[in-house]
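There's a structure below that I have some questions on.
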Amino acid sequence: MKIPLVDLVAQYQSIRDEIEQAIQGVLESGVFILGPNVAAFEAEIAAYLGVRYAVGVASGTDALLLTLRAYGVGPGDEVIVPAYTFFATAEVVSQVGATPVFVDIDPRTYCLDVKQLEAKISARTKAIIPVHLYGHPADMAPILELAKKHGLKVIEDNAQALGAEYKGRKTGSLGDAGCLSFFPSKTLGGYGDGGMVVTNDPTLAETVRKLRTHGWRTKYYPEMIGYNSRLDELQAAILRVKLRHLDAWNERRRKIAEQYRTLLAGNGIELPWEAPYAKHVYHLYVIRVRERKAVQDRLKAMGIASAVYYPLPLHLVEPYRDLGYGPGAFPEAERAAAETLAIPLYPEMTPDQIETVASGVRDALVKVESGR
Ligand SMILES: Cc1ncc(COP(=O)(O)O)c(C=O)c1O
């Protein structure tokens with residue numbers, strides 16, 4: 001039995017009729033850009049998260065980029081981001097001409113370590129981008145408190161955690177802005193790229209709406225330099241279908257994580273942690289193992305996929321070497337980059353597949369540790 005990291009075809013098969021009907025509806029309408037599906041999906045996401053505004057854009061990266069632009073972040077400004085996340089979280093800061101300032105992560109949640117945050121705030125800091133990594137919420141209360149004290153914007157990178165909760169409230173709805181990604185493998189994934197900015201701030205929503213279409217409200221009358229960055233009707237129609245299943249899929253992810261917890265306990269593997277304030281949605285199920293490469297090779301030989309997110313912390317990627325941090329600057333980010341391994345977890349996994357992955361992981365560990 002070959003087991004992939006995610007199985008988007010299995011998910012499609014489970015909702016095939018609904019999806020095909022939605023796609024056909026768009027094709028027959030002849031409306032492909034900023035039509036009724038985008039408007040309805042924006043309203044549905046706003047209701048789901050309990051926020052006032054939602055603006056569909058072309059990707060999660062653009063959601064972050066347009067939010068920074070809308071807040072006027074630019075050259076000379078600093079934005080605090082975790083040292084361990086997907087590159088886009090910091091990349092967008094550089095794209096607007098500002099400087100990312102890294103902070104180490106909490107080794108249990110993989111999210112930014114709030115104890116180290118205040119020391120990173122300077123007179124140039126404009127915003128903090130906490131990332132709800134792997135589907136686990138960052139510890140938002142102290143972040144929001146510090147941001148308030150220093151007059152900073154909090155932009156939640158909720159690309160990996162749609163449906164997760166922090167103290168009973170949905171991630172993405174807690175900061176000044178939340179940025180969503182609908183990349184296909186995300187908890188709510190389209191069949192292409194897509195993203196969204198969510199907020200309670202009418203000015204931010206209005207500015208992002210302008211920015212996504214060439215900086216204009218009235219066609220051909222630009223008010224600022226913008227982008228062509230829209231969520232398209234086909235993706236919106238698909239995502240509207242999938243949103244109806246999101247909570248059930250996330251519950252299934254949590255159930256599988258619970259099963260893994262039982263099946264993998266006590267094998268010298270560090271399993272994902274769920275903080276008392278958190279409802280984790282396990283976008284990725286990430287374990288820590290020593291001798292990761294050897295474990296991965298063993299799993300591969302058994303037909304079990306695994307993946308490394310992310311092999312480098314951001315202060316060590318090539319474009320950020322000139323920021324001058326160097327190895328040792330963020331020990332927990334570096335340790336996570338060296339030790340973490342994602343194993344298969346997706347809602348459509350069968351009991352057999354779950355058991356096979358768990359016994360494969362146990363087996364791989366025993367073999368690696370005994371040198372066999
Ligand atoms: C943490 C994080 N931020 C931002 C992004 C960017 O989203 P997208 O791929 O939709 O541009 C991703 C997606 O991969 C992500 O995982």
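The values are calculated or read from the model by the stated rules, or taken from the named source; none is laboratory data. These numbers come from a predicted model, not from an experiment. As a convention, Cβ positions derive from the backbone with ideal geometry for all residues, glycine included, and neighbour counts pool all protein chains shown. Areas reflect the complete protein model, heavy atoms only, side chains present, ligands, DNA and RNA absent. Shrake-Rupley method; radii C 1.70, N 1.55, O 1.52, S 1.80 Å.
Within the range 174-192, how many residues turn out to be of a type outside the set (Phe, Trp, Tyr) and surrounded by fewer than 20 Cβ atoms within 10 Å (Cβ to Cβ)? Can you show your working first?
Of the residues in the range 174-192, the ones of a type outside the set (Phe, Trp, Tyr) are 174-181, 184-190, 192.
Checking the rest, the ones that are also surrounded by fewer than 20 Cβ atoms within 10 Å (Cβ to Cβ) come to 176, 184-185, 192.
Final tally of qualifying residues: 4.
Moving to a separate point now. Please find, within the range 77-99, the residue that is farthest from ILE225 (Cα to Cα) out of those that are open to solvent by less than 10 Å² (accessible area, probe 1.4 Å) and assigned to a strand (DSSP E or B).
Selected residue: PRO82.
If I go through the range 206-226 residue by residue, how many of them are in contact with a Gly (Cβ under 9 Å, 6 or more places away or on another chain), in contact (Cβ under 8 Å) with a residue 12 or more places away in the chain and open to solvent by 80 Å² or more (accessible area, probe 1.4 Å)?
Number of matching residues: 1.
Now for a separate question. Considering only residues of the range 47-71 that are of a type in the set (Gly, Ala, Ser) and assigned to a strand (DSSP E or B), which is nearest to the ligand (Cβ to nearest atom)? Before you say what the answer is, go through the steps one by one.
First, pick out the residues of the range 47-71 that are of a type in the set (Gly, Ala, Ser): 47, 50, 54, 56, 58-60, 63, 70.
Right, trim to assigned to a strand (DSSP E or B) and you get 54, 56.
Numbers: ALA54: 15, GLY56: 12 Å.
The extreme case among them is GLY56.
Out of curiosity, is ARG244 surrounded by fewer than 16 Cβ atoms within 10 Å (Cβ to Cβ) and not hydroxyl-bearing (Ser, Thr, Tyr)? Outline the logic, then answer.
Working: surrounded by fewer than 16 Cβ atoms within 10 Å (Cβ to Cβ): yes; not hydroxyl-bearing (Ser, Thr, Tyr): yes.
Yes: the conditions hold for ARG244.
Right, something else. Restricted to the range 166-203, and to residues that are within 14 Å of the ligand (Cβ to nearest atom) and of a type in the set (A, V, I, L, M), which residue is nearest to TRP249 (Cα to Cα)?
LEU188
Search the range 124-155 for residues being among the small types (Gly, Ala, Ser) and either open to solvent by 10 Å² or more (accessible area, probe 1.4 Å) or in a loop (DSSP other than H, G, I, E, B) (or both), and hand back the single one that is farthest from the ligand (Cβ to nearest atom). Steps first, please.
Looking only at the range 124-155, we keep the residues that are among the small types (Gly, Ala, Ser), and these are 127, 135, 138, 141, 147, 151.
Subset that is either open to solvent by 10 Å² or more (accessible area, probe 1.4 Å) or in a loop (DSSP other than H, G, I, E, B) (or both): 138, 141, 151.
On the way: ALA138: 11, ALA141: 21, GLY151: 25 Å.
My answer is GLY151.
Name every residue in the range 67-94 that is of a type in the set (A, V, I, L, M, F, W, C) and under 18 Å from ILE105 (Cα atoms), in order of residue number.
Here is the first cut: in the range 67-94, the residues of a type in the set (A, V, I, L, M, F, W, C) are 68, 70, 73, 79-81, 83, 86-88, 90, 92-93.
Correct list: VAL79, ILE80, VAL81, ALA83, PHE86, PHE87, ALA88, ALA90.
Among GLU20, GLU44, GLU28, which is the only one that is charged (D, E, K, R), crowded, with 16+ Cβ neighbours inside 10 Å and more than 16 Å from the ligand (Cβ to nearest atom)?
Numbers: GLU20 fails: crowded, with 16+ Cβ neighbours inside 10 Å; GLU28 fails: crowded, with 16+ Cβ neighbours inside 10 Å.
Matching residue, one of GLU20, GLU44, GLU28: GLU44.
Exactly one of these conditions fails for GLY74: (1) over 19 Å from the mean Cα position of the chain (by Cα); (2) under 21 Å from GLY175 (Cβ atoms); (3) in a helix (DSSP H, G or I). Give me its number.
(3)
Okay, moving on. For ILE15, work out the one condition from (1) touching a strand residue (DSSP E or B) at 6+ places or on another chain (Cβ under 7 Å); (2) open to solvent by less than 40 Å² (accessible area, probe 1.4 Å) it doesn't fulfil.
(1)
So, GLU20, is that one charged (D, E, K, R), within 30 Å of GLN353 (Cβ to Cβ) and at pLDDT 95 or above or not?
On the way: charged (D, E, K, R): yes; within 30 Å of GLN353 (Cβ to Cβ): yes; at pLDDT 95 or above: yes.
In short, yes.
Quick check on my filter: what residues within the range 73-123 are aliphatic (A, V, I, L, M) and either over 16 Å from ASP157 (Cβ atoms) or within 14 Å of the ligand (Cβ to nearest atom) (or both)? Give the derivation first.
Filtering the range 73-123 down to residues aliphatic (A, V, I, L, M) leaves 73, 79-81, 83, 88, 90, 92-93, 96, 98, 101, 103, 105, 112, 114, 117, 119, 121, 123.
The answer is VAL79, VAL81, ALA83, ALA88, ALA90, VAL92, VAL93, ILE105, LEU112, ALA119, ILE121, ALA123.
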